[in-house]
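K.L.:
The following block contains the structure, expressed as structure tokens.
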Amino acid sequence: MPMTTAPLPYEGRLFRSRNKKFEETILFVPFFGAVQRELARHVKFVMDLGFDAVTFDLEKTPALMDFSEGLFTPLKNWKELTSVLKIPISSRNKFGIKHIYADQIENMLNLIPGKKIVYSFSNPSGAAIEALARRKCSDVVGLLCDSGPSGKFIDSFFNLAKQEWKIQFLPLTFSMAPVLSLLWSPHMHKDIHTHLESFPKGFKILSIRGWKDPLIPPDHIDAIFEPHKNIDWRKLSLPEAGHLTGLRDFRAEYVPAVEKFLSEIAKTS
């Protein structure tokens with residue numbers, strides 16, 4: 001079935017491989033705050049392997065994005081306050097940004113015809129897992145999770161605020177991390193275990209992690225996947241890599257392992 005020519009939602013873009021070898025389309029789920037051009041290296045990588053790819057934008061969420069942009073000035077009026085406090089409720093009446101992201105990913109998977117592979121980054125990988133569980137992993141043959149998700153979400157949020165947002169006043173960071181983590185989801189990532197338990201036996205997952213990741217260290221990722229014997233998951237461990245730096249900085253280790261995994265789960269066209 002050919003890819004739809006209708007515009008994709010969420011500024012979605014289809015990239016067709018010039019040397020298409022595989023039936024599956026790879027859907028990229030970006031990391032928090034990413035713009036699509038920041039995935040260009042990964043898109044080119046899979047296109048060169050012979051896959052079509054799709055990217056999209058995660059919904060901008062004022063309640064967290066304002067903090068990521070360093071907005072710690074007093075709010076001028078009630079209109080600004082209500083914008084910052086916009087309530088994230090998903091299509092399934094779940095509170096939390098994670099569940100809004102899961103809505104988006106589910107919609108994208110529904111619109112892309114044929115078999116798919118999901119390639120996700122950092123903590124939004126948790127939303128990808130939720131979307132796959134909603135759809136019972138139908139027509140998705142595998143999942144790649146690069147640098148996440150974290151089994152200790154508050155810790156990863158604290159690290160994000162300190163490392164990426166450069167908030168060095170520790171009392172503020174300590175106090176806001178648990179509160180703003182609730183905006184992600186009241187469950188944090190604990191509901192991931194229910195979702196993974198619902199995955200079909202033998203579902204294949206590649207977990208990519210850097211041992212020097214200052215946001216989500218490997219043991220936090222292991223806490224997500226290790227309890228689940230029904231899934232067929234493996235690790236790509238990069239001893240010198242940080243958060244999301246594997247393909248950029250350690251291509252010689254990254255590329256062969258990911259290529260091997262993709263060739264195992266995909267079907268040649």
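K.L.:
Which one is modelled with the lowest pLDDT among residues in the range 158-183 that are open to solvent by less than 10 Å² (accessible area, probe 1.4 Å) and under 19 Å from the mean Cα position of the chain (by Cα)? Working first, answer last.
P.N.:
Within the range 158-183, the first condition is being open to solvent by less than 10 Å² (accessible area, probe 1.4 Å), and the residues that meet it are 161, 173, 177, 181.
From what's left, under 19 Å from the mean Cα position of the chain (by Cα): 161, 181.
Working: Ala161: 75, Ser181: 81.
Only one residue tops the list, namely Ala161.
K.L.:
Go through the range 190-240 and report how many residues are free of Cβ contacts under 8 Å to residues at least 40 places away in the same chain, assigned to a helix (DSSP H, G or I) and surrounded by 14 or more Cβ atoms within 10 Å (Cβ to Cβ).
P.N.:
3
K.L.:
Oh, and also: Find the residue count for the range 141-156, including only residues that are open to solvent by less than 10 Å² (accessible area, probe 1.4 Å) and either more than 17 Å from Trp184 (Cα to Cα) or not in a loop (DSSP other than H, G, I, E, B) (or both). Don't jump to the end; show me each part of the working.
P.N.:
Taking the range 141-156 first, the residues open to solvent by less than 10 Å² (accessible area, probe 1.4 Å) are 142-150, 156.
Those left that are additionally either more than 17 Å from Trp184 (Cα to Cα) or not in a loop (DSSP other than H, G, I, E, B) (or both): 142-147, 156.
Summing the residues that are open to solvent by less than 10 Å² (accessible area, probe 1.4 Å) and either more than 17 Å from Trp184 (Cα to Cα) or not in a loop (DSSP other than H, G, I, E, B) (or both) in the range 141-156 gives 7.
K.L.:
Still on this model: Condition check: without any contact (Cβ under 8 Å) to a residue 12 or more places away in the chain and among the acidic types (Asp, Glu). Does Glu253 satisfy that? Don't jump to the end; show me each part of the working.
P.N.:
On the way: without any contact (Cβ under 8 Å) to a residue 12 or more places away in the chain: no; among the acidic types (Asp, Glu): yes.
Answer is no for this residue.
K.L.:
Only one of Lys79, Lys20 is within 30 Å of Ser269 (Cβ to Cβ) and either at pLDDT 95 or above or more than 22 Å from the chain's Cα centre (by Cα) (or both). Can you tell me which?
P.N.:
Lys20
K.L.:
Related question: For the range 241-269, enumerate the residues that are more than 17 Å from Val141 (Cα to Cα), among the hydroxyl-bearing types (Ser, Thr, Tyr) and surrounded by fewer than 19 Cβ atoms within 10 Å (Cβ to Cβ).
P.N.:
If the condition is that a residue be more than 17 Å from Val141 (Cα to Cα), among the hydroxyl-bearing types (Ser, Thr, Tyr) and surrounded by fewer than 19 Cβ atoms within 10 Å (Cβ to Cβ), then Thr245 is the only one that fits.
K.L.:
Could I ask something else about it? Within the range 107-129, which residues are assigned to a helix (DSSP H, G or I), open to solvent by less than 10 Å² (accessible area, probe 1.4 Å) and of a type outside the set (Ser, Thr, Tyr)?
P.N.:
Met108, Leu109, Pro124, Gly126, Ala127, Ala128, Ile129
K.L.:
Can you tell which of Pro239, Pro218, Pro227 is modelled with pLDDT of 95 or more and touching a His at 6+ places or on another chain (Cβ under 9 Å)?
P.N.:
Just one listed residue meets the conditions, Pro227.
K.L.:
For the range 92-106: of the residues being within 25 Å of Gly142 (Cα to Cα) and open to solvent by 10 Å² or more (accessible area, probe 1.4 Å), which is farthest from the chain's Cα centre (by Cα)?
P.N.:
Among them, the one singled out is Arg92.
Let's see how each residue does on (1) among the polar types (S, T, N, Q); (2) surrounded by 15 or more Cβ atoms within 10 Å (Cβ to Cβ):
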residue	(1), (2)
Pro7	no, no
Glu11	no, no
Ser17	yes, yes
Glu24	no, yes
Leu39	no, yes
His42	no, yes
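The values are calculated or read from the model by the stated rules, or taken from the named source; none is laboratory data. None of these values were measured; they are calculated from a predicted model. FYI the Cβ positions are ideal-geometry reconstructions off the backbone, even for glycines, and counts take in every protein chain you see. Remember, those area values only see protein heavy atoms, side chains included, never the ligands or the DNA or RNA. Shrake-Rupley method; radii C 1.70, N 1.55, O 1.52, S 1.80 Å.
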